[in-house]
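What follows is a single structure, written as structure tokens, with notes after it.
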Amino acid sequence: MKRKNLHFRVQATLLLMLFPFFLSAGKPLRIKKSDLRDKIEAAWVGQMIGNIYGLPHENKYVNAPGPENWPYGYTKNLDKLQKYDGAFSDDDTDLEYMYLLQMMKHGPEPTYAQLRDAWMYHIRDRVWLANRGALGLMHYGYTPPFTGSKELNPHWYQIDPQLINEIWAFTAPGMIKYAADKSEWAARITSDDWGVEPTIHYGAMYAAAFFEKDISKLIDIGLKSLPADGRYAATVKDMISLHAKFPKDWKAAWQEMAQKYYINEHDMTKTIWNANLNGACAILAILYGEGDFQRTLDLSCAMGFDADNQAATVAGLMGVMYGMKGLPENLYLPVKGWTKPFNDKYINITRHDLPDTQISTMVDNTLQQTIDLIVSKGGKVTGKPGSEVIVINPDADFRAPMEFYFGPDPVLEAGKAVDFSFYTPANKIYNWSMISGTLPAGLTFTNGRLTGTPVKAGDYSMVLQISDGKAKQTREFSLLVRGRNLAPLADTIYSNVRKLNEKVLDSCWYTFGKSLYAKEISVINDGKTSGPGSVFYSLAAKANIPKVDYYGYGWNEPQEVGMIVFNTGGMEEFGGWFTSLNVQYLNEAGRWVPVEKSIVNPPLPASDIVFIQPHYAEYVLRFDPVKTKGIRIIGDAMVQSHWNKYTRNVSAFTSITELSVYP
């Protein structure tokens, strides 16, 4: 496949990245070190306020906006603040704290590989939607940006990236283009296409807010950083028009917004966590908030859907704009006896082995990373100790760190033409070469692309190198050329469940559009591994009991078979995966018996827990060849509990898009 969807915005000025920063034409920006620290502190504290304040309103207002009985207050979360004697972590702040630790460890521009390692170590539960999809793909062996690809992560369009990436922008004050591009780069860990666009918009606004307090100007600055023909740019303009149409009636604007971006949304992307929808809510909250922190915070909650996320991001943005003096004291000192924001405590309750810390320490460490980045991009620190001034190059560019990205291998089949790129636009800019190995006959490798028509099935390996003229990296890649796929020639499809039980599915808490699901097993040999109608679920009955699933083929005439390729579909919170996987064939007596020396590559996930199950994974099962009229995969389907009472008692099931069979 071509990796055409895994793209960053390719700027016309890309080549300028190679020149010294003093060639930039922008006028340097200046900010006192003390003011910079104050705004960074307000970014952190603002996010904590918004997150904790907004949590009671999360997913609460969908059919109508929240009531206007403001201020809402912390409500039940005041008890949690008292319990932890400080701020507590949630997904709106904990991943940014994790990213800060990676910056301290690796520098202000960590690589995808370094961030992937942090994800896999620290994130073990309490992760949903696109974030969960990305984590599963990481454990499967992929790196970003493939972990956010539309083709692999079916939640690519959800809200996730806009709530975990603000740190890349408030460590790049005044560096608007840099912040927007880096925010997009980070957003692609989990998301793709227009799903990353609200993150770009926030990134630009956060960076600009260090020097700009006008809300309308900030929104416009963010707009100029978006793809001009992108979906979210049109949505932002639409929200501006709604505000102009109903300048004193935010509820009327909400109704039109919800009708267009939720009720009328295509079912494949219609969720209450949709990135475009929640981004629209945030823009309305900012516009109707008119620069007032408390009003904007309450509006962010009242806009509904995934309310705590936009509350956190918008509150952090306003923190950057106004500094600590602009945050209401009663919101960061809500508990009697506290004298510092949230008692200067950030208590980790969500992530494995993230240390509790003082908020002041988080701020100091973020300040240092910010200054290090500014200096590395052509800025400097002037003045005497205690009265330093930071000079910023506003025209700094973000260049993605040089590294290989790992995603799906090329699907090579003897006799079929292929055009496969090992790069994405982010690392295409480097020099690619093949330094050793043997290509399959019929294929050529040129500057990162594999093209041609393989002649013969077999296993091959090649070592690739990328270089920027100074440093270089090498990596070995394995190539598998398959023979002819026998699945389309099958006379029979074997499966213990042949039709989707739609009644059971409709009773469940599922997170994909209904049109994704195939109604019959016949789709597993149609060559389609993604998109509407591609995924079959073996949902059978409303009963939470163990179940063995199998999928396979039968032929009227014996076939030589030595390999099966199993492509999974999307995974639900309540199941979809095998906990064991074996291959059986029909012997001459017509009995199902196991094949010899079966190997699954890659192995099934090391654990059965839901958080590391990959969407759209491919498993290659190889074994001693057999001559048979029937072959199948068979294994135990996971019985997964679930918090939703209607979903809790659903039978075990598995998810499949395609089953291919080769000699």
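The table that follows gives values for the structure above.
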quantity	calculated
Among residues of region 468-479, those that are touching a strand residue (DSSP E or B) at 6+ places or on another chain (Cβ under 6 Å) and among the hydrophobic types (A, V, I, L, M, F, W, C), counted	2
Filter pass, Gly533 being small (Gly, Ala, Ser), in a strand (DSSP E or B) and farther than 21 Å from Leu480 by Cβ	no
Residue within region 267-276 that is under 24 Å from the mean Cα position of the chain (by Cα), in a helix (DSSP H, G or I) and either of a type in the set (Gly, Ala, Ser) or in the same structural domain as Tyr99 (by TED's automatic domain parsing) (or both) present	yes
Wholly within region 68-182, helices (runs of 4 or more DSSP H) carrying at least 1 residues that are at pLDDT 95 or above and surrounded by fewer than 24 Cβ atoms within 10 Å (Cβ to Cβ)	77-84, 94-106, 112-122, 129-140
Test: residue in region 573-588 that is at pLDDT below 95, in contact with a Ser or Thr (Cβ under 7 Å, 6 or more places away or on another chain) and not in a loop (DSSP other than H, G, I, E, B)	yes
Residue match in region 607-630 (condition: at pLDDT 95 or above, farther than 20 Å from Asn153 by Cα and either of a type in the set (Asp, Glu) or part of a loop (DSSP other than H, G, I, E, B) (or both))	yes
Every pair of residues 6+ apart whose Cβ atoms lie under 7 Å, when the first sits in region 195-221 and is of a type in the set (S, T, N, Q) while the second is surrounded by 24 or more Cβ atoms within 10 Å (Cβ to Cβ)	Thr199/Pro161; Thr199/Gln162; Thr199/Asn165; Thr199/Ser183; Thr199/Glu184; Thr199/Ala187
Candidates Ala130, Ala118, Ala169 - the one that is in contact with a Gly (Cβ under 9 Å, 6 or more places away or on another chain), outside the structural domain of Lys528 (by TED's automatic domain parsing), among the small types (Gly, Ala, Ser) and farther than 19 Å from Thr424 by Cβ	Ala169
Within region 319-343, considering residues that are of a type in the set (A, V, I, L, M, F, W, C) and not in a helix (DSSP H, G or I), the one surrounded by the most Cβ atoms within 10 Å (Cβ to Cβ)	Leu327
Output for region 373-429, where each listed residue is touching a helix residue (DSSP H, G or I) at 6+ places or on another chain (Cβ under 7 Å), surrounded by 19 or more Cβ atoms within 10 Å (Cβ to Cβ) and not in a loop (DSSP other than H, G, I, E, B)	Ile390, Ile392
Residue identified as more than 28 Å from the chain's Cα centre (by Cα), without any contact (Cβ under 8 Å) to a residue 60 or more places away in the chain and surrounded by 17 or more Cβ atoms within 10 Å (Cβ to Cβ) among Asn582, Asn525, Asn587	Asn582
Selection count, region 617-663, where residues are buried (at least 24 other Cβ atoms within 10 Å of the Cβ) and under 15 Å from Glu573 (Cα atoms)	6
Region 338-392 - residue that is aromatic (Phe, Trp, Tyr) and touching a residue at least 40 places away in the same chain (Cβ under 8 Å) and, of those, nearest to Phe611 (Cα to Cα)	Tyr346
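The values are calculated or read from the model by the stated rules, or taken from the named source; none is laboratory data. Just so it is clear, the structure is predicted and the values come from calculations on it, not from any experiment. FYI the Cβ positions are ideal-geometry reconstructions off the backbone, even for glycines, and counts take in every protein chain you see.
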